[in-house]
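Data first, discussion second: the structure below is written as structure tokens.
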Amino acid sequence: MMKIIKYKNRSVPVYFPTEKPQNYDKLNNKLQELEYDFSFRKKWKTITSVEMVRDVAIFQYNDGTKLYLEVS
């Protein structure tokens, strides 16, 4: 399943399994915690997509690298 997440005036698609929609809410909460983290906000500008696997968000960057973030 795919939803669009909007954070800091930028929209990014989030892919997650259909049986775990609560992980999408956990990701929203985690992004609110990172609101004042300047280094994350800088990285957010280059993220192309997010994939949720259990309690981990995998951020895919433009250059193909990935950032793994625990959202639980």
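Derivation of every value follows stated rules applied to the coordinates shown; laboratory data play no part. Keep in mind the model is a prediction, meaning the values are calculated, not measured.
Semi-axes of the equivalent ellipsoid for region 2-70, please: Cα gyration tensor eigenvalues, times 5, square-rooted, ordered largest first, whole Å.
18, 14, 11
How much of the DSSP beta bridge set in the chain is antiparallel, as a percent to the nearest 5?
Here the share of antiparallel DSSP bridges comes out near 90 percent.
Only Cα pairs under 8 Å and at least 6 apart count here; give the relative contact order of region 2-70 as a rounded whole percent.
26 percent
Helix 22-33 sits at what angle to the longest principal axis of the chain, using alpha carbons and giving 0 to 90 degrees rounded to 10?
Helix 22-33 sits at roughly 20 degrees to that axis.
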